[in-house]
Amino acid sequence: MLRVLAVDDEQPALEELLYLLRADPRVRSAEGATGATEALRRIGSAVEAGPDDPSAIDVVFLDIHMAGLTGLDVAQLLAGFAAPPLIVFVTAHEGFAVHAFDLKAVDYVLKPVRRERLAEAVRRVAEQVGDRSAPVHDGASDQIPVELGGVIRFIPIDEIAYAEAQGDYARLHTAGGSHLVRIPLSTLEERWRSRGFVRIHRRHLVALNRIDELRLDAGSMSVRIGGAELAVSRRHTRALRDLLMRQGGR
């Protein structure tokens, strides 16, 4: 049973969100805050009191565009807490999804909020709250949001064969196509290391279990992944070979 704080500086939107949340049987309590300052004060008090206190908050449903501090500002501040509540962004703006998930948001719900879509967000939160005592990946989510034709979709990380650096962006390659995300390749490398991704070149990060073939030609190494052949830089050659040998020996 979830303890929820909803934050929106527009009173009608806040009341509608609270109505929908309170109607969900997985929500024990849902309280509202009309701005970032009030929300931070209440969250700070709840974190200090501890998870067993009646004021405890499991998740914050957070608007992005608010007077003063934005929802993204609030999420950045909460990242400094020892045990912050989970975050779901609820906004009318599609363009902040990548930044939101970079701040480890559980979900990103677009306004006007549909009951079914909000129920899915609550389900995701409930799963994470229930799994907090279990081992998790290195802070990595099982999905990554991408924007396709103005719609935010979630791509399972396990479907990504490799990622390609494009400046401050990365292009994710799957069997179904490619998707550009506003995340540097170095950030993806750090997040996905525990999921079997390895850097083979300054431009490429690959999933080890997607490598179909390792090729050696005149001292140069490359890997084949599906129809793509990717060069392995000299500095990564030995490490990649050792990893593949260990993987093959399991």
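Here are a few things to note about the model shown:
- Protection proxy ranking, highest mean first, for peptides 200-210, 164-174: 200-210, 164-174, where packing is the per-residue count of other beta-carbon atoms within 10 Å, averaged.
- For the chain: rounded, prolate or oblate by the Cα gyration tensor [a/c cutoff 1.5]: prolate
- When the chain is described by a simple charge dipole with +1 on each Lys and Arg Cβ and -1 on each Asp and Glu Cβ, the residue from Pro184, Val232, Leu77 located farthest towards its positive end is Val232.
- Portion, in percent, of the accessible area of segment 152-250 that falls on carbon or sulfur, probe 1.4 Å: 43 percent
- Gyration tensor verdict on segment 25-64 (Cα atoms; rounded if a/c is under 1.5, prolate if a/b is larger than b/c, oblate otherwise): oblate
- Ranked packing of 217-227, 61-71, most packed first, by mean Cβ within 10 Å: 61-71, 217-227
- At R0 = 45 Å, FRET efficiency that the Cβ-Cβ distance of Glu38 and Phe154 yields, to 0.05: 0.90
- As a length-normalised measure over Cα pairs under 8 Å and 6 or more apart, the relative contact order of segment 2-126 settles at 23 percent.
- For the chain: accessible area per residue (Å², 1.4 Å): 54 Å²
- 3J(HN,Hα) from dihedral phi, segment 193-198, Karplus parametrisation 6.51/-1.76/1.60, rounded to Hz, x for glycine, proline: 4, 6, 9, x, 8, 9
- Beta bridges from DSSP with both residues in the chain: antiparallel share about 65 percent, rounded to the nearest 5.
The values are calculated or read from the model by the stated rules, or taken from the named source; none is laboratory data. Predicted model only: the values in this text are computed from it and were never measured. Here the Cβ is made from the backbone with ideal geometry for all residues, glycine too, and neighbour counts use every protein chain on show. SASA here: full protein model, heavy atoms, side chains in, ligands and nucleic acids out. Shrake-Rupley method; radii C 1.70, N 1.55, O 1.52, S 1.80 Å.
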